[in-house]
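Report on the structure given below.
The values are calculated or read from the model by the stated rules, or taken from the named source; none is laboratory data. This structure is a prediction, so every number in the text was calculated from the model and none was measured. Methodologically, a virtual Cβ is constructed for each residue, glycine included, from the backbone with ideal geometry; neighbour enumeration extends over all protein chains shown.
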Amino acid sequence: MNEPISTERPRRSWLRRIILWLVLPIVCVAGLILLVDRVIMPWWTRHGEEYAAPLLVGRSPSAVLSLLAPYEATYQLSERRFSADHPDGTILEQRPLPGAPIKRGRLFNLVISRGSELIDIPRVRGGSVRQAELMLEQVGLAIGGRAFGYEDSLPEGAIIGTIPGEGSGLTKGGVVNLVINHSPDAAKTFCPKLVGLNIEEARDTLRDRGLLVGSIDRRFDATLLPGTIVGQSVAPGDELTPGAEIDFVISRDR
């Protein structure tokens, strides 16, 4: 009598196949995800390797190259701008900012300084002192002292020229001295009393007389405010030639 054929073994074989077909792809996909996440992506993006951006401001472009080399970073110059605080050819601004987190290969945008903007001294010859002062102030230059000369082709008191001369380039706030026309007979003035004035008052007083500030010495005097004139090199009332210099002694803090 034949025994019945068992169906248990074929059933287990099909079950194994079904498990392999279902589980193996899942395991492969999970392994691939793990490989990409833990190996490929960190290698591609260098995840976690962040650095503080170096300080480039104030450096030259050649120095910037050496500073960026360890980070495999590059730069591009996006603008050139005038600056009184940074010499020509040095970095004025940077993006990313110093200390910002960066990754390797980052591109830096740099603004490079053109140095201080130069202002051309305008032509003031032939005009009055007041006109010359207004023109110089309008372009951002400061008025210095006054010197005197004589040209018979110009009226008395007219501007002969400037020191430095017309067309010379000065940075903003640069000082320009005026050369004023005075005939030899008219070119006389007297020294004013300066003791007791502050330094700015003394400068204005001398300027009105056609005189110049000479050397300034400082001396401690507890009874006077700092900057008060306590001595002068020429006695009040002495006759002077316009353009002469008067030395001061002023009080100072201890």
Item to check | Qualifying residue in segment 149-159 (condition: surrounded by 14 or more Cβ atoms within 10 Å (Cβ to Cβ), at pLDDT 90 or above, over 20 Å from the mean Cα position of the chain (by Cα) and not in a loop (DSSP other than H, G, I, E, B)) | outcome: yes
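Regarding segment 30-42, can at least one residue be identified that is at pLDDT 85 or above, out of contact with any helix residue (DSSP H, G or I) (no Cβ under 9 Å at 6 or more places or on another chain), surrounded by 12 or more Cβ atoms within 10 Å (Cβ to Cβ) and part of a helix (DSSP H, G or I)?
no
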Item to check | Test: residue in segment 186-209 that is closer than 30 Å to residue 116 by Cα, assigned to a strand (DSSP E or B) and within 32 Å of the chain's Cα centre (by Cα) | outcome: no
Item to check | Matching residues, segment 215-230, being surrounded by fewer than 15 Cβ atoms within 10 Å (Cβ to Cβ) and in a strand (DSSP E or B) | outcome: 215, 216, 217, 218, 219, 220
Next on the checklist: Please go through (1) outside the structural domain of residue 254 (by TED's automatic domain parsing); (2) over 30 Å from residue 85 (Cα atoms) for residue 145 and return the number of the only condition it doesn't satisfy.
Outcome noted: (2)
